[in-house]
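The values are calculated or read from the model by the stated rules, or taken from the named source; none is laboratory data. Since this is a predicted model, take the numbers as computed values, not measurements. Here the Cβ positions follow ideal geometry from the backbone for every residue, glycine too, while neighbour counts run over all protein chains shown.
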Amino acid sequence: MPLYEYVCESCEHGFEAMQALSAKPEETICPKCQKANSRRIMSSFASKIVGTHKTGFNEIKAYDMHDERMSKFNKLPPMSGMREAPTEANSQPGPGESW
């Protein structure tokens, strides 16, 4: 059974109740004033991802692939300013090279 958070509309008291999914919020009784006039509120929850085929695994894998690619870019020599002006010597393929 899930744990829900409530606020009493009569006395504004906040409380938690473990109830079935089919329980109606307006029928939940406030422990402080004993009135059935409560409103269910949204709350946060925690979860733990275990294994490789769970929600979020693909995003984690994508970040790992990104980090791997960026580490390869770091190994490249730094770019230096402008390119060399084309000349006859550097504009033709060398021996054994093709375009």
Take the residues in segment 13-39 that are part of a loop (DSSP other than H, G, I, E, B) and among the polar types (S, T, N, Q), then tell me which one is surrounded by the fewest Cβ atoms within 10 Å (Cβ to Cβ).
Ser22
Selected residue (only one of Ser10, Ser98, Ser44 is in a loop (DSSP other than H, G, I, E, B) and modelled with pLDDT of 80 or more):
Ser10
